[in-house]
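Below is one structure, written out as structure tokens; the observations come after it.
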Amino acid sequence: MAYAMNQNVRIRYEVEGTATAPALVLQHGASGSLKDWYDLGYVKELNKDYRLILVDARGYGMSDKPLNAAAYKPDVIAGDYVAILRELKIDKANYFGYSMGAGIGFKAIARYALPLFNSFILGGGNPFNPRTEAEKQSAQQSAIASQKALEESMEAYISLREKTDGPTPPE
């Protein structure tokens, strides 16, 4: 188990693969941890071609969980990845983030640590926050409706998604 320090916060990471392979940082989504990448089979396949750096985001997994909101500002979060790459003596890496990990890529790393990264794979995320109060309320109402539909049944959820997003593609 390895940790990097950034502003007195310990950030857990693990390294897999060959040291001479290109570095690829893997960042999990919300409510997850770096173990997700193992569980979903990504590590087994990607470590054949990459030196993987799997990170527990601050506040998740075995990384520290600071209680002050300022500890979660994008520039501070970007510093976590800078600290990890410095500790590993890696000049350039690639980045793969899913969901919250995509948000970290969009809002923190690409903005505050871009020179350390060659490329970004950002899935299940959105670079835009709701900007107006009406957009925020709409996003919140959509999330509530989706949750209620999921609690009812998968069919209810699919029906709701088709009303807003169009028909489900064929199998």
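The values are calculated or read from the model by the stated rules, or taken from the named source; none is laboratory data. As the structure is a prediction and not an experimental result, all values here were calculated from the model. Neighbour counts run over all protein chains shown; Cβ positions are idealised from the backbone, glycine included. SASA here: full protein model, heavy atoms, side chains in, ligands and nucleic acids out. Shrake-Rupley method; radii C 1.70, N 1.55, O 1.52, S 1.80 Å.
Things worth noting here:
- When the residues of segment 1-28 are filtered to those that are outside any loop (DSSP other than H, G, I, E, B) and out of contact with any helix residue (DSSP H, G or I) (no Cβ under 7 Å at 6 or more places or on another chain), the one that is surrounded by the most Cβ atoms within 10 Å (Cβ to Cβ) is ALA23.
- From the options GLY101, GLY59, GLY79, residue that is in contact with a His (Cβ under 8 Å, 6 or more places away or on another chain) and under 15 Å from TYR13 (Cβ atoms): GLY101
- A Cβ distance below 8 Å, combined with a sequence gap of six or more or placement on separate chains, defines the contacts here; from segment 1-16, residues that are under 17 Å from ILE90 (Cα atoms) reach residues that are among the acidic types (Asp, Glu) and open to solvent by less than 10 Å² (accessible area, probe 1.4 Å) in the pairs ALA4/ASP80; ASN6/ASP80; ILE11/ASP56; ILE11/ASP80; ARG12/ASP56; TYR13/ASP56.
- Unmet criterion (only one of (1) open to solvent by less than 50 Å² (accessible area, probe 1.4 Å); (2) closer than 24 Å to VAL15 by Cα) for PRO115: (1)
- Which listed residue, of ALA134, ALA69, is of a type in the set (A, V, I, L, M), open to solvent by less than 90 Å² (accessible area, probe 1.4 Å) and farther than 30 Å from MET5 by Cβ: ALA134
Yes/no per residue for (1) in contact (Cβ under 8 Å) with a residue 40 or more places away in the chain; (2) part of a helix (DSSP H, G or I); (3) open to solvent by less than 70 Å² (accessible area, probe 1.4 Å):
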{"residue": "ILE84", "(1), (2), (3)": "yes, yes, yes"}
{"residue": "ASN94", "(1), (2), (3)": "yes, no, yes"}
{"residue": "GLY101", "(1), (2), (3)": "yes, yes, yes"}
{"residue": "PHE106", "(1), (2), (3)": "no, yes, yes"}
{"residue": "ILE109", "(1), (2), (3)": "no, yes, yes"}
{"residue": "PHE120", "(1), (2), (3)": "no, no, yes"}
{"residue": "PRO127", "(1), (2), (3)": "no, no, yes"}
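- Enumeration of residues in segment 29-48 that are touching an Asp or Glu at 6+ places or on another chain (Cβ under 7 Å) and either in a loop (DSSP other than H, G, I, E, B) or open to solvent by 70 Å² or more (accessible area, probe 1.4 Å) (or both): SER33, LEU34, ASN47
- Contact map, segment 55-71: residues that are within 27 Å of ASN94 (Cα to Cα) paired with residues that are open to solvent by 60 Å² or more (accessible area, probe 1.4 Å), Cβ distance under 6 Å, separation 6+ or inter-chain. Pairs shown: ASP56/MET62; GLY59/LYS65; ASP64/ARG10.
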